[in-house]
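These notes are about the structure you will find just below.
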Amino acid sequence: MTIDVRNLVRRFGRTTALDGATFSAGEGERIAVVGRNGAGKTTLLRVLATFLPPDSGSGTVAGFDLFSRSNAIRAVVGYLPENAPLDPDLRVAEYLRFRGRLRGLSGRHLRRRLHDVVAFCGLAPLLSEPIAALSCGQRHAVGLADAILHEPDVLLFDDPLAASDPVQARRIATMIAAPELSDGRTVLFSTHDAAFVREAATRVLFLDRGRIVADTTDIPPDGSLADWFSRWTSAPT
Amino acid sequence: MSSPTLVLFRKECSVALRTRATWCVFAAYAALVGLFFVFRLRSATGLPGLLPALFASPLVLATPVPAAFFTMGLFSRERASGTLETLLTAPVTDAEVVLGKFAAAWFLSLLAIATAALEFRAYLLLASPPPAFDPLLVGAGFAGAALASLLWTALGLLLSLLVRHESAAGAGTLVLGFPLATVAAEAVPAVPYDSALRLCSLVDLARGVADTRPIFACVSVAAFCLFVAVRVLESRRWASSSSV
């Protein structure tokens with residue numbers, strides 16, 4: 001299993017953002033993490049990305065222990081945080097080069113990977129643009145390129161369609177749903193978009209108040225996420 | 001210097017050197033040093049012997065300016081833009097992040113200090129008759145300023161981690177830095193040599209007195225600030241998600 005976590009708990013003061021999350025995921029799986037605002041989606045992804053340490057529980061990502069090998073996990077995880085925060089002082093090409101070097105890529109390997117991710121994410125026209133001048137969808141595309149630059153085993157995307165216009169959101173969704181993206185790796189993404197889940201996910205984790213209340217590969221062919229929530233749980237929508 | 005530290009150092013330096021504000025700070029630093037130097041020259045007596053100390057004193061006095069400017073946004077800007085999350089999820093340790101950013105800010109402060117060398121050169125060209133002095137002592141004065149800069153840079157970096165707004169971090173570094181710099185630089189020759197303040201004097205270096213105590217004090221306090229900064233960065237991960 002690429003991801004194997006048991007009873008993960010993360011609290012912020014009196015609030016329990018993650019309350020005993022348990023699941024496993026293998027290579028080639030594309031998992032949508034869904035739930036209402038405040039359900040714990042971002043916290044789960046941040047814990048898996050080792051940005052936040054869990055308070056208790058156990059788990060491994062790509063075979064590395066979540067508690068003791070966080071730096072090893074960072075080397076094999078590609079993470080796109082919510083709203084794709086990128087360094088506004090750099091141009092797109094500079095930013096991707098900087099991120100590649102930070103992950104230990106250099107020379108011909110770095111150039112080859114930059115060429116590949118720029119082609120995959122359609123960033124060629126934007127390479128000399130300052131990041132501060134990019135639209136939200138373009139920032140997500142750059143963030144996606146950054147996440148896959150080092151060919152990670154696990155990809156984590158936190159609401160990658162957020163704040164993008166419909167055209168840009170479709171482009172990002174198509175990239176994430178592309179078979180080559182999940183080839184040999186595990187992809188987890190959070191979203192509020194049912195169409196995106198249908199297009200890109202092979203499995204859905206539904207979080208409610210920090211708990212995984214549904215874990216299913218039975219993705220309804222129609223309806224909204226609210227309808228799915230009602231079907232999977234007895235909670236009112 | 002490990003590789004991620006070097007990558008961060010290069011990135012911080014290249015971003016800073018392309019902004020106009022950085023060059024304005026270099027100019028402001030040179031202007032401040034020049035102003036202090038002229039002021040001290042006017043009140044100095046027995047010039048040749050005092051010249052290195054007269055020049056080193058303004059160097060040290062003005063060091064909080066570049067240190068405050070180059071450190072104030074190191075972490076507070078990253079927190080405001082959310083990029084700290086992408087940085088801390090790269091395979092980089094907290095110590096490497098702190099060290100890379102610190103090295104860049106200190107290097108930029110040293111560049112600012114280097115601009116003052118041009119002023120000293122200009123003074124030597126214009127002075128008539130040219131004053132006699134030992135160049136090694138002037139070099140020691142620059143070393144003292146670099147040491148003071150090390151301290152303010154470490155302090156500024158820590159403040160940048162502790163406060164949310166970069167302007168507050170910059171103001172804090174100046175508020176703490178200027179009085180301490182005044183003590184460190186000694187009001188040459190207004191403060192008597194037997195003053196208790198002399199224990200902190202960096203300008204002693206410029207007089208050829210190689211007292212290791214201020215050097216040890218500066219390096220120790222800077223190292224302590226950096227150690228605390230690493231711990232604060234680690235503790236941010238345990239704080240509430242909104243304050244990370």
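Assorted remarks:
- With both labels modelled 7 Å from their Cα along Cα-to-Cβ, the A:T15 to B:R121 distance reads 5.8 nm.
- Annotation for region A:22-115: trypsin sites (Lys or Arg not before Pro) lying in DSSP loop with at most 13 further Cβ atoms inside 10 Å of their Cβ do not exist.
- In this assembly, the B-A interface accounts for approximately 2600 Å² of buried accessible surface in total, computed with a 1.4 Å probe and without ligands, DNA or RNA.
- Of the chymotrypsin sites (Phe, Trp or Tyr not before Pro) found in region A:1-80, the ones in coil according to DSSP and having at most 14 other Cβ atoms within 10 Å of their Cβ are A:F67.
- Rounded, prolate or oblate (a/c below 1.5 giving rounded, otherwise prolate when a/b exceeds b/c) for the protein assembly as shown by Cα gyration tensor: prolate
- Along the axis of the charge dipole computed for the protein assembly as shown (Cβ charges of +1 for Lys and Arg, -1 for Asp and Glu, origin at the Cα centre), the listed residues B:S76, A:P179, B:L54 are led at the positive end by B:L54.
- Portion, in percent, of the accessible area of the protein assembly as shown that falls on carbon or sulfur, probe 1.4 Å: 61 percent
- Dipole of the protein assembly as shown [Lys/Arg +1, Asp/Glu -1 at C-beta], most positive-end residue of A:L134, B:A30, A:S190: B:A30
- Occluded residues from region A:58-93, i.e. those whose accessible area drops by 50 Å² or more once the chain is not alone (1.4 Å probe): A:N71, A:R74, A:P85, A:D89
- Rolling a 1.4 Å probe over the protein heavy atoms gives chain A an accessible area of 40 Å² per residue.
- Unit charges on C-beta of K, R, D, E only; dipole of region A:55-179, Debye: 600 debye
- Dipole magnitude of the protein assembly as shown about its Cα centre (Cβ charges: Lys, Arg +1; Asp, Glu -1), debye to nearest 20: 560 debye
- Net charge, A:L134 excluded, C-beta distance under 14 Å - Lys, Arg +1, Asp, Glu -1: -3
- Think of the protein assembly as shown as a dipole: +1 on every Lys or Arg Cβ, -1 on every Asp or Glu Cβ, centred on the Cα centre; then among B:F102, B:P66, A:T202, B:P66 lies furthest on the positive end.
- Estimated from helices alone, the mean residue ellipticity of the protein assembly as shown at 222 nm is -18000 deg cm²/dmol (sum of -39500 (n - 2.57) over DSSP H runs with n ≥ 4, per residue).
- Whether region B:79-192 is rounded, prolate or oblate, judged on the alpha carbon gyration tensor where a/c under 1.5 counts as rounded: prolate
- For the pair region B:65-135 / region A:73-111, the C-alpha centres are spaced 25 Å from each other.
- Distance from the alpha carbon centroid of region A:157-221 to that of region A:47-72 works out to 22 angstrom.
The values are calculated or read from the model by the stated rules, or taken from the named source; none is laboratory data. Computed from a prediction, not measured in an experiment: that's the story for all the values here. Note that each Cβ is placed from the backbone with ideal geometry, even for glycine, and that neighbours are counted across all protein chains shown. We work out accessible area using only protein heavy atoms, side chains counted, and drop any ligands, DNA or RNA first. Shrake-Rupley method; radii C 1.70, N 1.55, O 1.52, S 1.80 Å.
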